[in-house]
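Notes for the one structure printed next.
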Amino acid sequence: MNRRFRLWLVAVGSAGLAALLVAACLELPDFGGAWHPYGDRAVRASLDRHTANTVASVNFDQRAFDTLGEMTILFAAVLGCVVLLRQTRDEHRARPEPADVEPPVRRYALIVLPVALLTGLYVIAHGQLSPGGGFQGGVVAATALHLLYLGADYRALERIRPVGLYEVGDAAAACAYLVLGLAGVLAGTAFLANTLLPYGTFNTLSSGGTVPLLNAAIGMEVACAVVVLLARFLDQAVEIEEESRA
Amino acid sequence: MSVLPYLVAAWVFLAGCYGLAASRNLIHAVGCLSVCQAATYVLLLAVGYRDDATAPVYSDIEPGSRPVVDPVVQALALTDVVVGATVTALLLALVVQISKRHGTVDPDELSELRG
Amino acid sequence: MNGWLLAAAVTLGGGLTATLWGVTTGPLGRRVVAQNLATAVACPGLLLLSQAYERPAYVDLALVLAVLGPVGTLVFARLLSDELTGHPPRAWWPTWTAAALGTAVVLALCAVTAPGRATVKLLVTGALLVGGNVVAGRALTGGIRGVRGG
Amino acid sequence: MADPVVVVALLLVAGSATLAVAVRDPVRQALVLSVLGVVLAVLFTVLQAPDVGLSQLAVGSAVTPLLLLLTVRKVRRRGQRKGRER
Amino acid sequence: MHHLLPLLVAVPLLGAGLLVAVGRALPRVAADTVGCAVSAGTAALVIVLLLNSSPPRTEWVGGWTPVDGRSVGIVLVGDGPGLGMAALASLLTLAALTYSWRYFEEPPRRHAGSYPALMLVFQAGMCGFAITGDLFNAFVFFELMSVVAYALTGYRVEEAKAVQGALTFGVVNSLGAYAMLMGIALLYARTGELTMSLIGRGLDAHGGPDALVLASFVLVLTGLLVKAAAVPFHFWLPDAHAVAPTPVCMLLSGVMVELGVYGAWRVYGTVFSGPGGVPAADLERMLVVLGALTAAVGAVMCWYQRHIKRLLAYSTVAHIGLFLIGIGVLTPQADDGIALYILGHAGVKAALFACTGILLDRYGSVDEHVLHGRARRQRAVAVMFVVGGLGLAGLPPFAGALGKSVAEEAAGGPLAVLYVIASAMTAGAVLRVAARVFLGLGPPPPDAGEYETTGSGEEPETRGRLGFVPDTMTAVPALLLAGALAAGVAPGFGETVARAVNEAGSGGAVVPVHWTPYGILLGLVSTAVAVGLAALAVTRPRLLAAPDWALPLRRLQSGHVGDYVAWLLVGATLLGALALPGVLGT
């Protein structure tokens, strides 16, 4: 099929889909309407269980099963990247050469690294109170580690980043989430039921029953997963080279 | 005016689809796919918006003092963001392997599977 | 609509439109500078929004952006160093303007916030933002040289 | 639709998404995508979804561009090596 | 009992997590054993739940039982069809893991657990999708199984075709999933709910169907039909199935694609079948037209393949078309038939892929022309391949034949003819391969020109070329075929399936499901046609060589991901156009 025919197809398909979507948009309730039955119920349920951030309550309590799936997608993608970006038989590792970074950039990276790590941990820890949570904080913390690559070089990063350990951490955190869920079944309630722990005082770090625990598990999972993911790509871009075939 | 956010979502989705179909570079195509996905975030959050409301986060406001937007769509969009990032990573990993095995990332030059 | 919201709308609308224009036109160097500018404009914008909605909790977004935005730019500076070394972009004028904007917004917000943890958070955000942008701008204009393998 | 700032953010999203598609070179597209990430985070904030905005910032500002650029680098490095060998 | 429903997802995931956590220290054999054990445990759990699924139970995850009929949680539905699909997925995963027992070449260094872990996550995703009663949760599990499937398809990264097929698969399916999510968002905007049954009630409360219902239906169905590989969303399937490792093909063709059909059936039945949904006549038009197209395209393309895995992949496409027609005619009887047909097809198709895998590993090729007469000594495999071909044709008493005959009677008339022709053509192609490869009959066939994918140049999947065929690799297809046969002969099995399907679908209207003389006759006719076609093709290759009119059809399958995206857009438009009359009429 040539390009022209393809673009014709796209034009026909997009026109049809656009007509359908625009017609649907005109039938939608007006933007900013006040009718959100599920949302209102979710807010009430969250306040009943002393979780200040209702989004965290939906994620880690009311629809925790969705988050289980989401976490698994991340877990599977990391596993997939480990498999897909493995070093194959016709490749070898070249030792990365040291990089030469200007002192201001190096100083900045070394100063911001701990700040960024702390920010990540703060965002995870306050997940059930203020905006943020395991996912957001985990990504920030994982990105923070890579400041070492930006501020120094790849070898410096490799020294503080035993990828194997992070893989184990990723899997262990995923298991922890599942075990917390199974605890509900063993206690005779239901999978992922938030009935095991006291709900605590509203708007404190220990409020919300199992929400902070699940949140922490996700935080660890995401941080480890992102580190492993980036490690695989960095390996490919920096270290792994193909044997030159004649 | 009251449908602008929905129309923006539809536009972004279709623009992403066009880019995907017309792309000459697989890395660019994966980028376009993430544009398509941005449309879903916009649509979800637009559906959950409520006029003059604030975020359903009670760390710094009293419960019940202000109307809040729908937290459910936010949770859905959050899940969606994670899904999008991981799918992007996985597809990019495949692109890396394609460039190694085929020596090109131009979809027009990949012609081993056909018929 | 209060004054803070108006200020946020103007900052974000004007600044990000300019950024968008900069990032899609011209040579690569200019585009990277524009990308750096996106952080520098959006972060004060988010701070203004937080004040406009009277939600101190929204400051977290600005904080995260101030931490990660410059990291993103440094990624570009590092991985595009080959393309950028030939034609180092000139970034002083927009970088310092954005830094001034960030400083002004942070100071204005500090003035209206009761002193306490919130002020500290604002100041940290401001310091990270301005410092990060200046360093990232510097890295773009030839800070990372001689990167070969790493 | 009381809020002009929502309109501004929506238009910015529409514009940057269109440009992200229109820019053909993957490196330049990565730059536009990173701006799109920031613009989306702003939109999510004005739609009162700071949680989503935060995760968009976390993913969009550093991780996704890093992945894209590392892929480009790997692909280009191959191309250059191939070119030298010929 | 129903508290155990979420464990169908949790148990395999826990197994996968443990495999990755301790996989570095684990020898290969241990990792494979753990994978099989966990998979088998889950399969046993599903079957126990399935035996207790009458009447259907629901489980609210996290104990969020509804208050005043509304809940904030996610519901899982433990009814016959859902648990049946979960059981099928679990059993096939177990079969695939057993088949690949110590089979792949060495796994990535110090990651012995990664392959069984991915398979277990795949199993969890399929089980979750099958039993969920929540639309967004269905999207999450849909993505989960897609993501794992991309990774598994590209598992052999040193194969150029494998990574290309996996990327095509990934892009098209992700786009379909995002379309589905747009549809879910539209439904949420209208009804404010995510539980499928509540969305259905919300739509009914709003009144007759309008553009929004139509658009959301089209978008959701686009996602599901991309997964189900209906024409014109089907292009990714042959590209992905031809290149995926054999055990993965068994899962993709045997159950994942069928889950797309199942999803369409479930979503229509619980969300869109009320007065506020899509009128029955429109659904029938959509699915029957699309199904007929799919069956025709799949059968024709299947006939003209020489790459054996690709041939089997197209035969899956053709059968998906038949399934779509079956659920499209909207009679309880057809639903029963399709349920049985899916079971029978899964066993037969997985067995055929397994046999092809043995060929690939013995001879390093899956090309019909290259293998001509080379596999004469593989008698056991030959017998299984032929039996599989006959099962595909619908020879009584295979379960597929029983299901097909029931569906044919329900569809009636010209559609029954299509059933016979499509199954006969795909089976004929399989039998032709068997005759050429295992018996060496006929002259070597001519090449059809450059516009085709050959099956040569593939690397064997095992460690080195196999000197002998391991017992696990022959036992698995034999058991699968035996299962497909047993499901057709076992007295009362059909009735049980029919009761389970009807309890969930049409509210208890049990229709008798048994062999009828008419059904047996049609089954024999299609088998005879298949044998005849194969004999003709082998003895007179020129007569049935690809005619000119088939070339444009082959050219459509261009391997270009942009083309496939364009077809996806066209397909969505086509779906909308087909359903438009009913929506305009109300």
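Rule-based calculations on the coordinates, nothing more; no lab input. Note that the structure is predicted; figures quoted are calculated from it, not measured. Virtual Cβ from ideal backbone geometry, glycine too; neighbours counted across all protein chains shown.
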- Query: B:S111 label point, 7 Å along Cα→Cβ, cut-off 20 Å on backbone N: hits in region A:1-35?
  - Reply: A:1-8
- Note on the structure: Residue by residue through region E:152-160, the couplings from Karplus 6.51 cos²θ - 1.76 cosθ + 1.60 with θ = phi - 60°, in Hz, x for Gly and Pro, are 5, 5, x, 4, 8, 5, 7, 8, 4
- Message: Given bins 5 angstrom wide, list per bin the percent of all Cα-Cα distances in chain A, short to long.
- Response: 1, 6, 10, 12, 12, 11, 10, 10, 10, 9, 6, 2, 1, 0
- Message: If I take every Cα pair under 8 Å that is 6 or more residues apart in region E:1-132, average their sequence separation and divide by the length, what percent do I get for the relative contact order?
- Response: 41
- Item | Residue among A:L121, A:L147, A:L110 with the largest mean-square fluctuation in a Gaussian network model of chain A, springs linking Cα atoms under 10 Å | A:L110
- Task: Rounded to whole Hz and in sequence order, give me ³J(HN,Hα) for region E:293-310 from the Karplus expression 6.51 cos²θ - 1.76 cosθ + 1.60, θ = phi - 60°, writing x for Gly and Pro.
- Result: 4, 4, 4, 5, 4, x, 5, 5, 5, 4, 4, 9, 9, 10, 6, 5, 5, 5
- Message: Please compute the modelled spin-label separation between C:L6 and E:E495, points set 7 Å along Cα→Cβ, answer in nm with one decimal.
- Response: 8.1
- In chain C, which whole DSSP H runs stretch at least 20 Å along their own axis (Cα) and average 1.6 or higher on the Kyte-Doolittle scale? C:59-79
- Note on the structure: For region E:279-546, the percent of all C-alpha pairs falling in each 5 Å bin, from 0 up to the bin holding the max distance, is 1, 7, 13, 18, 18, 15, 12, 8, 5, 3, 1, 0
- Would you tally the net charge around E:S71, using a Cβ to Cβ cut-off of less than 11 Å, leaving E:S71 out, and scoring K and R as +1, D and E as -1? 0
- Note on the structure: Output for chain E (equivalent-ellipsoid semi-axes, sqrt of 5λ from the C-alpha gyration tensor, Å, descending) is 35, 28, 23
- Note on the structure: For E:R376 and E:L441, extending 7 Å from Cα along the Cα-Cβ vector and measuring point to point gives, in nm, a value of 1.6
- Query: Per residue, how much space in cubic angstrom lies within the convex hull of the C-alpha atoms of region B:4-109?
  - Reply: 91
- Message: Report the Cα centroid-to-centroid distance between region C:73-107 and region E:310-354 in angstrom, as an integer.
- Response: 59
- Projected area averaged over orientations for the protein assembly as shown, convex hull of C-alpha atoms, nm²: 40.2
- Item | Kyte-Doolittle mean at least -0.5, axial Cα span of 30 Å or more - DSSP H helices of chain D | none
- Query: Once phi is turned into θ = phi - 60°, what whole-Hz ³J(HN,Hα) does the Karplus curve with 6.51, -1.76 and 1.60 give for every residue of region B:60-70, x standing for Gly and Pro?
  - Reply: 10, 9, 6, x, x, 7, 9, x, 10, 7, 6
- Item | Over region C:3-143, relative contact order from alpha-carbon pairs under 8 Å, at least 6 apart, % | 30
- What chymotrypsin sites (Phe, Trp or Tyr not before Pro) in region A:76-165 are in a loop by DSSP, with at most 16 other Cβ atoms within 10 Å of the Cβ? none
- Roughly what angle does helix B:26-48 make with the longest principal axis of chain B, taking Cα atoms, 0 to 90 degrees, to the nearest 10? 20
- Per DSSP, the loop-located trypsin sites (Lys or Arg not before Pro) within region A:61-153 having at most 16 other beta carbons within 10 Å are A:R89
- Message: Give the separation of the Cα centroids, region E:555-569 to region E:393-430, in Å.
- Response: 30
- For region D:4-85, what are the per-bin percents of Cα-Cα distances with bins 5 Å wide, up to the bin holding the maximum? 3, 16, 19, 20, 15, 10, 7, 4, 3, 2, 1, 0
- Message: From Cα pairs below 8 angstrom and at least 6 apart in sequence, can you work out the relative contact order of chain D, rounded to a whole percent?
- Response: 28
- Part-to-part distance (alpha-carbon centres) for region B:71-104 and region E:264-286, which is given in Å: 32
- Query: Against the longest principal axis of chain B, how steep is helix B:71-102, in degrees 0 to 90 to the nearest 10, with axes from Cα atoms?
  - Reply: 10
- Task: Kindly provide the trypsin sites (Lys or Arg not before Pro) of region E:484-582 that DSSP labels as loop, not H, G, I, E or B, and whose Cβ sees at most 11 other Cβ atoms within 10 Å.
- Result: E:R542
